[in-house]
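The values are calculated or read from the model by the stated rules, or taken from the named source; none is laboratory data. Fair warning: this is a prediction, and the values are worked out from it, not measured in the lab. Note that each Cβ is placed from the backbone with ideal geometry, even for glycine, and that neighbours are counted across all protein chains shown.
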Amino acid sequence: MVAHPLKGATLDDAKKFKWPNPRDQARLEGIKEESSRLAKSDCLVVLGTVGMTVGLLQTFQWLLGFEDSFYALAAEPELTHYIVGKLAELDIEFWEWAIPYLGDDIKVALYADDFGMQTGPVFSYEMFERYFKSWYAKIFSVIKKQNPGLYIFFHTCGSSRYVLPDLIESGIDILNPVQFTSKDMDPVQLKKDFGKDITFWGGGVDTQLVLPRGTVQQVKDEVKKRIDQFGDGGGFIFTTVHNIQPDVPPENIMAMWEALQEYGIY
């Protein structure tokens, strides 16, 4: 981004802001045809981030800028409630249009919002509860109403355990990326506490240290360990915690794949 369109904005500025059209046909141009093609080839079709599925907090930060957004969360509740509510209403309108339009070929709806840092929550639980909890419940309710069989995939990086019970109650089915090196994200405890409620999509191998810096054997050992921890009883889709970066040795990528083939089929 080169600028934040609501940086320094007042409530009146936000009300005058030209908000986007959530039903703009360009948002889904070509997706209906591509999802139909993929579904016919036995692929699991995921509707990813198409402009209106980036999370409420993240979009709020983009609009105001990082510093101003956190100031508003703490000191400008009226402005924050208005903008977050407006974003949620746009999201709801998008889903009410997109799901019937795309039909049953879409099996997973992806939503993304980062509520954690590596060292702890990005803000207090009270802020999540005050501004975001009820809106996420409404958004996910609309998604499920449009298509009860649609799985809701929620991406939230870092230490996000503190919001998991509420997100599960609101309707998420899948958690990603399961950044288990972050505070309060112990794999064994996550599986014990939430394994009956959600699928873990991620958490297969650490992408900050083990995959780029570890030996081939260390990579294989970690893959086996995470499969043992998350895979017990099912509910685990193996993938790396985050995207594989350019500094990862090819032999480590192959070690991960070989270990997955050896230990991940059960």
Checklist entry - Has the range 53-74 got any residue that is under 23 Å from TRP135 (Cβ atoms), touching a Ser or Thr at 6+ places or on another chain (Cβ under 6 Å) and free of Cβ contacts under 8 Å to residues at least 24 places away in the same chain? => result yes
Checklist outcome for this item: Among (1) under 19 Å from MET117 (Cβ atoms); (2) free of Cβ contacts under 8 Å to residues at least 40 places away in the same chain; (3) not hydroxyl-bearing (Ser, Thr, Tyr), LYS196 falls short only on (1)
Checklist entry - Just one of the numbered conditions (1) over 22 Å from VAL122 (Cβ atoms); (2) touching a Pro at 6+ places or on another chain (Cβ under 7 Å); (3) not aromatic (Phe, Trp, Tyr) is not true of GLY149; which one? => result (2)
Checklist entry - Out of (1) in the same structural domain as ALA137 (by TED's automatic domain parsing); (2) over 19 Å from the mean Cα position of the chain (by Cα), what's the single condition that is false for TRP62? => result (2)
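Only residues that are among the polar types (S, T, N, Q) and closer than 15 Å to TRP257 by Cα: list them for the range 211-233, please.
The answer is THR215, GLN217, GLN218.
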Checklist entry - Are any of the residues in the range 190-211 in contact with a Cys (Cβ under 8 Å, 6 or more places away or on another chain) and within 19 Å of GLY55 (Cα to Cα)? => result no
Checklist entry - If you scan the range 194-224, which residues turn out to be over 16 Å from the mean Cα position of the chain (by Cα) and closer than 22 Å to PHE140 by Cα? => result PHE194, GLY195, LYS196, ASP197
Checklist outcome for this item: Residue hits (the range 26-84; crowded, with 18+ Cβ neighbours inside 10 Å, more than 21 Å from PRO5 (Cα to Cα) and hydroxyl-bearing (Ser, Thr, Tyr)) are SER35
Checklist entry - Which condition number does LYS224 fail, the rest of (1) outside any helix (DSSP H, G or I); (2) modelled with pLDDT of 95 or more being met? => result (1)
Next on the checklist: I'd like to verify a number: residues in the range 45-61 that are modelled with pLDDT under 90 and touching a Lys or Arg at 6+ places or on another chain (Cβ under 6 Å), how many?
Outcome noted: 2
Next on the checklist: Condition check: among the charged types (D, E, K, R) and farther than 20 Å from MET117 by Cα. Does ASP232 satisfy that?
Outcome noted: yes
